[in-house]
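A.B. asks: Provided herewith is a single structure, encoded as structure tokens, for subsequent inquiry.
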Amino acid sequence: MIKVEGLVKRFGGTAVLDGIDLAIEQGEIIVVIGPSGTGKSTLLRCLNFLERPDAGRLTIGDLDVDVTRASRADILTARRRTAFVFQNYALFANKTALENIAEGLIVVNRWPKEKAHARAREILERIGLADKADAYPAALSGGQQQRVGIGRAMAAQAEVILFDEPTSSLDPEWVEEVLGLMKQLARERQTMLVVTHEMSFARDVADRVIFMEGGRIVEQGPPSQLFGSPKDPRTRDFLRKVL
Ligand code: ADP
Ligand code: MG
């Protein structure tokens, strides 16, 4: 249902993504691991057109485009179908938790304010923050802020949620509550593409783990296989360092 073929992104002369092919099934939970500087964030950002790729084909539902020729309308469609959860939450500091969740529905989906706020309240219930509706980000813990960031992505009802190291900025005490919410979404079979260093999350939750290095997919498979009997020496080397 989501497919990228031959995705290339260059910065300066360097190919940071060097021909990525990836198909994601509906309801699939994919975890992407790999050394830093390897193109994991760039891959997610290209799927959402936060970066403009240099080559490749992107299919999301009935959208099927050569990424170099994507129109403004194609890009907006791709953005509506791929919600993003950022490492640093990226909440609006001057909006409440409720308004942060409702904002995209109002601006992107053009919902009336009342309808957007009603949806945001439902989401706040689901993420366990109903009592924080009127709190501003500064009054929330890191874990609560990231749960609002995830709530905002949930509200979008995108085909896939892209998580870029969602727990890397958190104090250790807040990591579990954010992973817990992600596990809840996984149980509901929300399609997810998650870049993370949380190997236990990958092991417990992923249908498939992808190991990237140097802008390429080196190896992928179910977690039991990738962690238990990695084939490529680069995968083995990486896992030795992080496990
Ligand atoms: P990862 O998420 O795996 O750590 P990134 O996708 O962030 O890796 O970055 C991959 C490479 O691309 C790095 O060498 C990084 O410095 C470079 N890079 C990322 N974004 C930019 C940018 N906007 N301009 C120039 N180089 C960039
Ligand atoms: Mg990154």
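The values are calculated or read from the model by the stated rules, or taken from the named source; none is laboratory data. Quick caveat: nothing in here was measured; it's all calculated off a predicted structure. Note that each Cβ is placed from the backbone with ideal geometry, even for glycine, and that neighbours are counted across all protein chains shown. The protein model used for the area step is the full one, side chains on, heavy atoms only, and it has no ligands, DNA or RNA in it. Shrake-Rupley method; radii C 1.70, N 1.55, O 1.52, S 1.80 Å.
A.B. asks: Given the rule -39500 (n - 2.57) for each run of at least 4 DSSP H residues, summed and divided by the residues of the chain, what is its mean residue ellipticity at 222 nm, to the nearest 500 deg cm²/dmol?
C.D. replies: -12000 deg cm²/dmol
A.B. asks: Next question. Setting aside same-chain residues fewer than 8 positions from K113, which lysines have a Cα under 24 Å from its Cα?
C.D. replies: Reachable lysines: K95, K132.
A.B. asks: Okay, next question. So, with a 1.4 angstrom probe, what is the percent of accessible area on the range 32-91 that is carbon and sulfur?
C.D. replies: 44 percent
A.B. asks: Still on this structure, I have one more. Once a ≥ b ≥ c are taken as the square roots of the eigenvalues of the Cα gyration tensor of the chain, is the result rounded (a/c under 1.5), prolate (a/b larger than b/c) or oblate (a/b not larger than b/c)?
C.D. replies: oblate
A.B. asks: Let me ask something additional. What are the ³J(HN,Hα) couplings of the range 208-217, residue after residue, when phi is run through the Karplus curve with 6.51, -1.76, 1.60 and θ = phi - 60°? Round to Hz, x for glycine and proline.
C.D. replies: Using θ = phi - 60°, the values come out as 8, 10, 10, 9, 10, 8, x, x, 10, 7 Hz.
A.B. asks: Once amide H atoms are placed 1.01 Å from N in the peptide plane, what residues at a sequence separation of 5 or more from E213, or on another chain, have their amide H within under 5 Å of its amide H?
C.D. replies: V218
A.B. asks: Oh, and also: Taking the solvent-accessible surface of protein heavy atoms with a 1.4 Å probe, what is the per residue accessible area of the chain in Å²?
C.D. replies: Each residue of the chain exposes 46 Å² on average to a 1.4 Å probe.
A.B. asks: What does the charge dipole of the range 61-198 about its Cα centre add up to, to the nearest 20 debye, if the Cβ of each Lys and Arg holds +1 and the Cβ of each Asp and Glu holds -1?
C.D. replies: About 540 debye.
A.B. asks: Over the range 124-222, with every protein chain in place, what whole percent of the accessible area is carbon and sulfur at 1.4 Å, could you tell me?
C.D. replies: Whole-percent figure for carbon plus sulfur exposure: 42.
A.B. asks: Using Cα centres only, tell me the gap between the range 131-158 and the range 98-128 in whole Å.
C.D. replies: Here the two parts' Cα centres lie 11 Å apart.
A.B. asks: Could you go through the range 4-10 in sequence order and give the Karplus-derived ³J(HN,Hα) for each residue, using 6.51 cos²θ - 1.76 cosθ + 1.60 with θ = phi - 60°, rounded to whole Hz, and x for Gly and Pro?
C.D. replies: Per-residue couplings from phi come out as 10, 10, x, 6, 10, 9, 10 Hz.
A.B. asks: Filter the trypsin sites (Lys or Arg not before Pro) in the range 88-130 down to the DSSP loop ones having no more than 12 other Cβ atoms within 10 Å, then list what survives.
C.D. replies: Sites meeting the loop and neighbour criteria: R110.
A.B. asks: Further question on the same structure: List the lysines whose Cα lies under 29 Å from the Cα of K3, skipping any in the same chain that are fewer than 8 positions away.
C.D. replies: In chain and number order, the partners are K40, K183, K231.
A.B. asks: Based on Cβ point charges of +1 for Lys and Arg and -1 for Asp and Glu, what charge dipole magnitude is obtained for the chain about its Cα centre, in debye rounded to the nearest 20?
C.D. replies: Taking the Cα centre of the chain as origin, the dipole is about 380 debye.
A.B. asks: Right, another one. From the phi of every residue in the range 90-101, what ³J(HN,Hα) in whole Hz does the Karplus formula 6.51 cos²θ - 1.76 cosθ + 1.60 yield, where θ is phi - 60° and glycine or proline is x?
C.D. replies: Using θ = phi - 60°, the values come out as 6, 7, 6, 5, 9, 10, 6, 3, 4, 5, 4, 6 Hz.
A.B. asks: How high is the relative contact order of the chain, in percent, counting Cα pairs under 8 Å that sit 6 or more residues apart?
C.D. replies: Reported relative contact order: 26 percent.
A.B. asks: Further question on the same structure: Can you tell me the relative contact order of the range 116-214? Whole percent, Cα pairs under 8 Å, sequence separation 6 or more.
C.D. replies: Relative contact order for the range 116-214 comes out at 26 percent.
A.B. asks: For the chain, give the share of DSSP beta bridges that are antiparallel, in percent and rounded to the nearest 5; count only bridges with both residues there.
C.D. replies: DSSP beta bridges in the chain are roughly 60 percent antiparallel.
A.B. asks: Also: Would you pull out the residues with amide H under 5 Å of G19's amide H, same chain only if 5 or more places away, H placed 1.01 Å from N?
C.D. replies: L7, V8, K9
A.B. asks: Would you please name the GluC sites (Glu not before Pro) within the range 138-243 that are DSSP coil residues with at most 13 other C-beta atoms within 10 Å of their C-beta?
C.D. replies: Sites meeting the loop and neighbour criteria: E188.
A.B. asks: Test of understanding: in a Gaussian network model of the chain with alpha carbons linked when under 10 Å, which of A186, A120, A135 would top the mean-square fluctuation ranking?
C.D. replies: In this elastic network of the chain, the residue with the biggest mean-square fluctuation among A186, A120, A135 is A135.
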